[in-house]
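**Student:** Questions regarding the structure given below will be posed in turn.
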Amino acid sequence: MATVTALTGKTPIEGFDPDPQKSYTLPARYYFEPSVYAWEQEAIFGHSWCYVGHVGSLKEPGCYITAKVADQNILVIRGKDDNLRAFYNVCQHRAHELVKGSGQAKVLTCPYHAWTYHADGRLRTARGSENLPNFNKDEFCLKPVRVETMANFVFVNLDPDAPSLKTQSGALESEIRGYCPEIDHLVLARVMTYDIEGNWKNSVDNFLECYHCHVAHSDFCDLVDMDSYRSICHDIYSSHCGRSSHRASKAYQYSGDARAQKFGSWLLWPNLSIEVFPGAPNVNIFHHVPIGPEKTRHVFEFYMESDMPTPEQEDAIRYIDEVLQAEDIALVESVQRGLHSKGYNQGRFIVDEGRTDKSEHAVHHFHGLVVDALNRYGGA
Ligand code: FES
Ligand SMILES: [Fe+2]
């Protein structure tokens, strides 16, 4: 097997080739070695647009959410001027975490010694600082992080020099809006989380191909017409879309117009899946959150027209929870065990020119982004 110096050329990733037809998959150790995991946290999550929440949690001035991005605690807050801002979630006095969870506050008050901050990050009060010579409040503003929204979803990027999400994500927002024109009216209706025994890339790999669908997801093949399913790769995202099968579905029954017959799903680099299922207007977030080298948390957020799902929508949620997720988690966890086998290191991608449901070119595209980021930002 040839060792290919991939893309930016610094670190050879053995067997990886920019041509999906020639390339091997990522070596097994990339899916479990702690040093690779630590490298990824910096090289991938430290430089990418990472999902942190929905604008529905940030409707009014003072509303805030918190999130962990790479190893950093981040705070996103809406200011009095209606702008969203993000900051490192750390008090500038002696580094106590400033806020926890989510909420709404006129000023942010540190729970340790009660320094307070405005929602725009300026230090407001520091008890006793009037006794100090040359204490300059401007020196102790919260440290900003970049924030952007896309289709009402909120993203932050720890890299001050990264190209904007709008630039990088191209037509993704308009694609999603095409599948769900009602997206601006949707609210959070349900959250489901699953902790799985698998590396986050293993989980994303599984999302990115439907080569396994005929084998492992008979109800999904019955819901979505596999002959219409196509995966198309773009700069930092891939689209995986098709139409419903027009047959009675074992997955769940749904009614509605032509829009309701479509299935759309996307993977936005590095770890956010977005899905629109057939039926009443909906958008699902499926976030593959790395918890450790071999642990991933799946966070599903179901956005619907009401926070009370209809019986039909409850059936759809139940199908995703009890059937689709159960099937996929078993696959990913089995692969994770297999990656440790002394009888395995790398496989090949099955790809076809038609970019059909049986092609794994989007997995290769994702591996290319992993290789590129690891090369760009140092070595393990
Ligand atoms: S650490 Fe926040 S006020 Fe002291
Ligand atoms: Fe699957």
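**Student:** Treat every Asp and Glu Cβ in the chain as -1 and every Lys and Arg Cβ as +1, leave all other atoms uncharged, and give the resulting dipole magnitude about the Cα centre to the nearest 20 debye. Provide the component values of the computation, followed by the final result.
**Tutor:** Numbers: 36 positive and 50 negative charges, 232 e Å.
Around 1120 debye, computed over the chain.
**Student:** Relative to the compact globular guide of 2.2 N^0.38 Å, what is the alpha carbon radius of gyration of segment 50-166, as a ratio?
**Tutor:** Values: Rg = 14.3 Å, N = 117, 2.2 N^0.38 = 13.4 Å.
The value comes to 1.07.
**Student:** Per residue, how much space in cubic angstrom lies within the convex hull of the C-alpha atoms of segment 53-92? Could you put the intermediate results ahead of the total?
**Tutor:** Working: hull volume 2.6 nm³, N = 40.
Cα convex hull per residue, to the nearest whole number: 64 Å³.
**Student:** What net charge do the residues around Met150 carry, taking every other residue with its C-beta under 9 Å from that of Met150, with Lys and Arg at +1 and Asp and Glu at -1? Present the calculation step by step, with values, prior to reporting the outcome.
**Tutor:** Working: positive: Lys166; negative: Glu148, Glu173.
Net of charged neighbours comes to -1.
**Student:** A follow-up question, please. Full extension from Glu130 to Asn152: what is 0.36 nm times the residue separation minus their Cα-Cα distance, to one decimal in nm? Can you show the working numbers first?
**Tutor:** Details: separation 22, 0.36 × 22 = 7.92 nm, distance 4.23 nm.
Length gained, Glu130 through Asn152: 3.7 nm.
**Student:** Specify the inter-centroid distance of segment 231-299 and segment 144-192, based on alpha-carbon positions, in whole Å.
**Tutor:** 15
**Student:** Specify which residue in the list Ala43, Phe32, Ala119 is farthest towards the positive end of the charge dipole of the chain, using unit charges on the beta carbon of Lys, Arg (+1) and Asp, Glu (-1), about the Cα centre.
**Tutor:** My answer, from the dipole projection, is Ala119.
**Student:** With the crude spin-label approximation of a point 7 Å out along Cα→Cβ, what separation in nm comes out for His113 versus Ile350?
**Tutor:** Here the modelled spin labels are 6.3 nm apart.
**Student:** Still on this structure, I have one more. Loop only per DSSP, at most 12 neighbouring Cβ atoms within 10 Å: give me the trypsin sites (Lys or Arg not before Pro) in segment 17-71, ordered by residue number. Mind dumping the intermediate values first?
**Tutor:** Details: sites: Lys22, Arg29, Lys59, Lys68; in loops: Lys22, Lys59.
Listed in order of number, the matching sites are Lys59.
**Student:** For the chain, with equal point scatterers placed on the C-alpha atoms only and solvent neglected, what are the log10 I(q)/I(0) values from the Debye formula at q = 0.12 1/Å, to two decimals?
**Tutor:** -0.96
**Student:** Please work through the chain and write down the cysteines that have no neighbouring cysteine Cβ at a distance under 4.7 Å.
**Tutor:** Cys50, Cys63, Cys141, Cys180, Cys221, Cys233, Cys241
**Student:** Could you work out the longest stretch of the chain that avoids the chymotrypsin sites (Phe, Trp or Tyr not before Pro) located in DSSP loops with at most 13 other Cβ atoms within 10 Å?
**Tutor:** On the way: sites that count: Tyr112, Phe135, Tyr344.
Formally, the longest exposed-site-free interval is 136-343.
**Student:** Now, a different point. If each of Thr167 and Cys141 carries a label point 7 Å out from its Cα toward its Cβ, how far apart are those two points in nm?
**Tutor:** The two pseudo-label positions are separated by 2.3 nm.
**Student:** Take a quick pass over segment 50-166 and tell me how many lysine pairs come in under 28 angstrom between Cα atoms, counting only ones 8 or more apart or on separate chains.
**Tutor:** Value for segment 50-166: 22.
**Student:** Does a label point 7 Å from the Cα of His185, set along Cα-to-beta-carbon, have any residues of segment 260-275 with amide nitrogen under 16 Å, and which are they?
**Tutor:** Answer for segment 260-275: 260.
**Student:** What do you get for the angle between helix 361-376 and the principal long axis of the chain? Use alpha-carbon atoms, 0 to 90 degrees, nearest ten.
**Tutor:** Between helix and principal axis, roughly 40 degrees.
Any read-out appearing in this document is the output of simple, stated calculations on the displayed coordinates, not a laboratory observation. This one's a predicted model, so the numbers in the text were calculated from it and none came from an experiment. Every residue, glycine among them, receives a Cβ derived from its backbone with ideal geometry; neighbour counts consider all protein chains shown.
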